[in-house]
Amino acid sequence: MDKIAKHPANYVPLTPLTFIKRASKIYSTRTSIIDDGVRFTWTQTYQRCCRLAHSLRSLNVVKNDVVSVLAPNVPALYEMHFAVPMAGAVLNPINTRLDAKTIYTILRHSEAKVFFVDYEFISVASEALTMAGSEDGSMPLVILIDDINKPTGVRFGELEYEEFICQGDPEYRGEELDDEWDAISLNYTSGTTSDPKGVVCSHRGAFLSTMSLIQGWELGSEAVYLWLLPMYHCNGWTFTWGVAARGGTNVCIRKTTAGEMYKSIFNHKVTHMCCAPIVLNILSEAEAHERCEMTSKVNILVGGSPPPAPLLDRMKDLGFHITHAYGLTEATGPALVCEWKSKWNQLPGHQQARLMARQGVSILTLEDVDVKNTKTMEGVPHDGKTKGEIVLRGSSLMKGYFKDETETAKAFHNRWLLTGDVGVIHPDGYVEIKDRSKDIIISGGENISSVEIETVLFAHPAILEVAVVAMPHPQWGESPCAFVVVKATGGITETEILAYCKQNMPKFMVPKKVEFVTELPKTGTGKVLKEELRKRAKTLEFSKNITINNKRSQKEVDLDQTSYQNQEKVLALMSRI
């Protein structure tokens, strides 16, 4: 049997490009994209992608050339997810919240041949291009994306997007893909502590990740997907390709204000959307005049910090169903999803929230996930309390880091991708993140999870956002410091927060300082810049509400740690239900 050869009829390279070709046939007249007053059908979207791919080829864009784009969630960026790889090139969607220097770094490192720029970002793009030109005179060809609803007429670069598309052939079917291992996209990490790394995703990886997520999240054939998650972030967690696979409808909005989101949900009967936890806050805290009647359930896939129980309850009451996911750029988006079990519906709300906050189990096409002691590479016990590093293995993971063999070798260790995230595995096999390895606070030899403190603080009704980091301590080495954003209707003191912490967590976990801020510093993808907060924490003084006792007995320390361990046992027992 081993001698039976592969045949073009039974062995075709896996690629998400097949999704849009199928959509144009099966869902030809169904609405593919809505952007304010502009609507396209799947036939029209496919033809526009063919035109764009053909026009790129006319610029001598060839295999492995990089095409960069700086744009919000607009039809042009959606179309490029198909058109650029159809031309044989590699799509590089750039974070729109980056500064000119970082954009310049990405353009230089990727050696982008073409650079599409939305009209809103002309200023920062111009500054980045000036830096590129002043260094070696090498600059990509620039194409402007104007407002598709109300063209501004502004000129920037050599060409304009709609004019460029019109030059292409709608019958062009793209370059033949010989190897599914070829690169389809190049996504740069946030670069919070150093220059961003270029994550290379393959056609195979994108296909498998997309298939997993549309099945695991039950994205139906008539889904209406609201684009809140930036398409530049892990290719919109692959739903750029996934909505086409199901012939759904993409609803594009430029601004994620409460009013705009609710209006879109109501007008277009939105069924699905992805977002970071901060968006849940925006929706739940919306004024009455910003909201609209929810006529049906809206499914939300949330990544990032676990949403606190009170927030989950409020969202459920508003008509939203939350699913928690976990992923990273290197995993081509979500790698774990908290699959819900019907028996959990009988549990009290606080226990449901606790279960829902876990990151869950691997997506369908991921070969394996584990939590390991990285020194021995042995898996930790499935007890919900023994911590280790979350590791992944599967064909949906990245190819590696672009032009960086050293970092690629560090990421792939002993047949696993190391995520850098600290977690546990519960007895039912569900994974839960406890912290980033660099965010663990080591106090008196005890590891304190900043995420666990944040989860408790998030539950306080006056707190909108919180981030906990380490601050220096004269005796224990490090201690927790909480940066808190209070709700507009809040009004709470540091003393009250510390008293709340003492009632809800072991004494040694209680923050030694609460610093009130108007907003938390974040990356372009919504991740809190904890490195910046750690620097700020070093300049702060301990709260006068905390007594520092340098003569504290070892017995007292042991009692605190015993209290913490008992709490962990309770949580582990809850997870078995």
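The values are calculated or read from the model by the stated rules, or taken from the named source; none is laboratory data. Keep in mind that this is a model prediction, so the values were computed, not measured. Every residue, glycine among them, receives a Cβ derived from its backbone with ideal geometry; neighbour counts consider all protein chains shown.
Summary table below
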| read-out | value |
| --- | --- |
| Residues satisfying the stated conditions in region 450-503, i.e. surrounded by 21 or more Cβ atoms within 10 Å (Cβ to Cβ) and in a loop (DSSP other than H, G, I, E, B) | His460 |
| Filter result for Arg30 (among the charged types (D, E, K, R), on the phi < 0 side of the Ramachandran plot, at pLDDT 95 or above and surrounded by fewer than 20 Cβ atoms within 10 Å (Cβ to Cβ)) | yes |
| Selection within region 400-425 - surrounded by 15 or more Cβ atoms within 10 Å (Cβ to Cβ), within 16 Å of Glu367 (Cβ to Cβ) and touching a residue at least 24 places away in the same chain (Cβ under 8 Å) | Trp416, Leu417, Leu418, Thr419 |
| Sole residue being of a type in the set (Gly, Ala, Ser), outside the structural domain of Val468 (by TED's automatic domain parsing) and farther than 25 Å from Met231 by Cα, chosen from Ala353, Ala325 | Ala353 |
| Any chance Val279 is among the β-branched types (Val, Ile, Thr), under 30 Å from Gly205 (Cα atoms) and part of a loop (DSSP other than H, G, I, E, B) | no |
| Residues (of a type in the set (Asp, Glu) and either without any contact (Cβ under 8 Å) to a residue 60 or more places away in the chain or under 18 Å from Leu52 (Cβ atoms) (or both)) located in region 139-188 | Asp146, Asp147, Glu158, Glu160, Glu162, Glu163, Asp169, Glu171, Glu175, Glu176 |
| Subset tally (residues that are outside any strand (DSSP E or B) and within 24 Å of the chain's Cα centre (by Cα)) for region 113-139 | 4 |
| Conditions (1) buried (at least 16 other Cβ atoms within 10 Å of the Cβ); (2) in contact with a helix residue (DSSP H, G or I) (Cβ under 9 Å, 6 or more places away or on another chain): number failed by Asn345 | (1) |
| Extreme residue, farthest from Ile442 (Cα to Cα), among residues of region 504-528 that are in contact with a Lys or Arg (Cβ under 6 Å, 6 or more places away or on another chain) and in a loop (DSSP other than H, G, I, E, B) | Gly524 |
| Filter pass, Thr329 being under 19 Å from Ile253 (Cβ atoms), modelled with pLDDT of 85 or more and of a type in the set (S, T, N, Q) | no |
| Spans of strands (runs of 3 or more DSSP E) in region 148-245 with at least 2 residues more than 18 Å from Ser32 (Cα to Cα) | 183-188, 198-202 |
| Region 314-332 - residue that is over 23 Å from Leu417 (Cβ atoms) and aliphatic (A, V, I, L, M) and, of those, farthest from the chain's Cα centre (by Cα) | Leu318 |
| Residue ranges of strands (runs of 3 or more DSSP E) in region 1-95 with at least 1 members in contact with a Cys (Cβ under 6 Å, 6 or more places away or on another chain) | 31-35 |
| Qualifying residues in region 96-112 (those that are part of a helix (DSSP H, G or I) and β-branched (Val, Ile, Thr)) - the one modelled with the lowest pLDDT | Thr102 |
| Residue in region 243-252 that is touching a strand residue (DSSP E or B) at 6+ places or on another chain (Cβ under 7 Å), surrounded by fewer than 21 Cβ atoms within 10 Å (Cβ to Cβ), in contact (Cβ under 8 Å) with a residue 40 or more places away in the chain and not basic (Lys, Arg) present | no |
| Near pairs, Cβ below 6 angstrom, 6+ apart or cross-chain, from region 68-89 (among the aromatic types (Phe, Trp, Tyr)) to any residue that is in a loop (DSSP other than H, G, I, E, B) | none |
| Residue identified as in contact with a Phe, Trp or Tyr (Cβ under 9 Å, 6 or more places away or on another chain) and modelled with pLDDT of 95 or more among Ser58, Ser68 | Ser68 |
| Among residues of region 302-342, those that are aliphatic (A, V, I, L, M) and more than 30 Å from Asp404 (Cβ to Cβ), counted | 7 |
| Index of the failed condition, Ser55 passing every other in (1) in contact (Cβ under 8 Å) with a residue 60 or more places away in the chain; (2) within 18 Å of Pro16 (Cβ to Cβ) | (2) |
| Given (1) polar (S, T, N, Q); (2) at pLDDT below 85; (3) surrounded by 21 or more Cβ atoms within 10 Å (Cβ to Cβ), number of the condition Thr295 does not satisfy | (3) |
| Hits in region 97-112 - residues which are of a type outside the set (D, E, K, R) and either farther than 30 Å from Asp169 by Cα or surrounded by 23 or more Cβ atoms within 10 Å (Cβ to Cβ) (or both) | Leu98, Ala100, Thr102, Ile103, Tyr104, Thr105, Ile106, Leu107, His109, Ala112 |
| All positions within region 41-60 that are surrounded by fewer than 20 Cβ atoms within 10 Å (Cβ to Cβ) and of a type in the set (A, V, I, L, M) | Leu59 |
| Scan of region 176-189 for residues that are modelled with pLDDT of 95 or more and either out of contact with any helix residue (DSSP H, G or I) (no Cβ under 7 Å at 6 or more places or on another chain) or over 27 Å from Thr210 (Cβ atoms) (or both), ordered by number | Asp179, Ala183 |
| Filtered residues of region 298-313 (kept if more than 14 Å from the chain's Cα centre (by Cα) and at pLDDT 85 or above) | Val298, Asn299 |
| Residue check for Asn73: at pLDDT below 95, within 24 Å of Gly205 (Cα to Cα), in contact with a strand residue (DSSP E or B) (Cβ under 9 Å, 6 or more places away or on another chain) and polar (S, T, N, Q) | no |
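Residue by residue, here is whether (1) at pLDDT below 95; (2) more than 20 Å from Thr332 (Cα to Cα); (3) crowded, with 20+ Cβ neighbours inside 10 Å holds:
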position: Leu77; (1), (2), (3): no, no, yes
position: Met86; (1), (2), (3): no, no, yes
position: Val90; (1), (2), (3): no, no, yes
position: Phe115; (1), (2), (3): no, yes, yes
position: Ser126; (1), (2), (3): no, yes, no
position: Gly133; (1), (2), (3): yes, yes, no
position: Val142; (1), (2), (3): no, yes, no
position: Glu160; (1), (2), (3): no, yes, no
position: Arg173; (1), (2), (3): yes, yes, no
